[in-house]
Amino acid sequence: MSTRQDRVLLPPPLIYLIFVALAWALAELLPLPLAENDWTRYFGWGLIDAGILLAAWSALALTQHDTTLNPYKKPKRLLQRGPFRYSRNPIYLGFTLIYAGIGLLLHSWWPWLLLPLLILVMNRAVIVHEEAVLERLFGDAYRRYRARVRRWL
């Protein structure tokens with residue numbers, strides 16, 4: 001039976017959506033404007049596109065290797081190929097790029113001010129749980145992978 005610390009509190013996409021909503025609400029209530037120009041729009045959409053591609057590539061790699069995308073389910077294998085060669089959490093990195101792109105499109109400093117808190121929440125509420133599960137399931141193989149590949153980049 002799992003304990004509270006063994007469970008993800010909220011689904012990761014929901015955590016990102018909550019932070020986008022919070023940034024948007026703060027931008028509306030307490031404006032901290034960021035420059036609005038073609039560069040912020042192009043770069044914002046570029047980050048969104050890059051994030052979608054990275055998350056999709058990562059999800060495809062997981063499904064091709066017959067393991068789960070769902071952080072609530074037990075993974076069947078430790079994936080170390082594709083985007084997982086560069087980041088232990090490429091899907092969350094992709095979500096973060098999407099968040100940053102949305103932040104530029106909101107033309108507000110709020111998403112950037114909230115970004116460290118978002119990373120902290122992801123690390124403590126999601127990633128630490130997933131790392132504990134992977135270490136329990138894959139032991140030394142996961143520890144070697146963790147020593148070789150960084151959590152984010």
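The values are calculated or read from the model by the stated rules, or taken from the named source; none is laboratory data. Bear in mind the structure is a predicted one, so any value in this text is a computation, not a measurement. Glycine also receives a Cβ, built like all others from the backbone with ideal geometry; neighbour counts cover every protein chain displayed.
Hey, can you tell me all the residues within the range 129-146 that are free of Cβ contacts under 8 Å to residues at least 60 places away in the same chain and either of a type in the set (Phe, Trp, Tyr) or surrounded by fewer than 13 Cβ atoms within 10 Å (Cβ to Cβ) (or both)?
Within the range 129-146, the first condition is being free of Cβ contacts under 8 Å to residues at least 60 places away in the same chain, and the residues that meet it are 131, 134-136, 139-140, 143-144, 146.
Listed by number, the residues that qualify are 136, 139, 140, 143.
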Seminar exercise, completed: Filtering the range 107-127 for residues that are at pLDDT below 95 and either more than 20 Å from the chain's Cα centre (by Cα) or of a type in the set (Val, Ile, Thr) (or both) leaves a count of 1
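Just to check your reading of the model, which residue among 93, 117 is under 25 Å from residue 34 (Cα atoms) and in contact with a Pro (Cβ under 9 Å, 6 or more places away or on another chain)? Full working, then the answer.
Details: 117 fails: in contact with a Pro (Cβ under 9 Å, 6 or more places away or on another chain).
Checking each option against the conditions leaves just 93.
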Problem set entry | Residue list for the range 30-44, filter: in contact (Cβ under 8 Å) with a residue 24 or more places away in the chain and part of a helix (DSSP H, G or I) | 40, 41, 43, 44
Problem set entry | Filtered residues of the range 42-58 (kept if among the hydroxyl-bearing types (Ser, Thr, Tyr) and under 13 Å from the mean Cα position of the chain (by Cα)) | 58
Exercise. Taking into account only those residues within the range 1-12 that are at pLDDT below 75 and in a loop (DSSP other than H, G, I, E, B), which is nearest to residue 93 (Cα to Cα)?
Worked result: 8
For this session: Output the residues belonging to the range 45-90 that are of a type in the set (A, V, I, L, M, F, W, C), within 23 Å of residue 128 (Cα to Cα), touching a residue at least 40 places away in the same chain (Cβ under 8 Å) and assigned to a helix (DSSP H, G or I).
Result: 54, 55, 84
Seminar exercise, completed: Of the residues in the range 41-84 that are farther than 20 Å from residue 144 by Cα and hydroxyl-bearing (Ser, Thr, Tyr), the one that is surrounded by the most Cβ atoms within 10 Å (Cβ to Cβ) is 58
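Answer yes if at least one residue in the range 96-110 is more than 22 Å from residue 38 (Cα to Cα), free of Cβ contacts under 8 Å to residues at least 60 places away in the same chain and of a type outside the set (A, V, I, L, M, F, W, C), and no otherwise.
No: zero hits.
Taking the range 91-111, which residues are closer than 17 Å to residue 129 by Cβ and either surrounded by fewer than 13 Cβ atoms within 10 Å (Cβ to Cβ) or of a type in the set (Phe, Trp, Tyr) (or both)? First the steps, then the outcome.
Narrowing the range 91-111 to residues closer than 17 Å to residue 129 by Cβ: 91-92, 95.
Passing the criteria: 92, 95.
Of the residues in the range 13-31, how many are closer than 19 Å to residue 89 by Cβ and loosely packed, with under 12 Cβ neighbours inside 10 Å?
1
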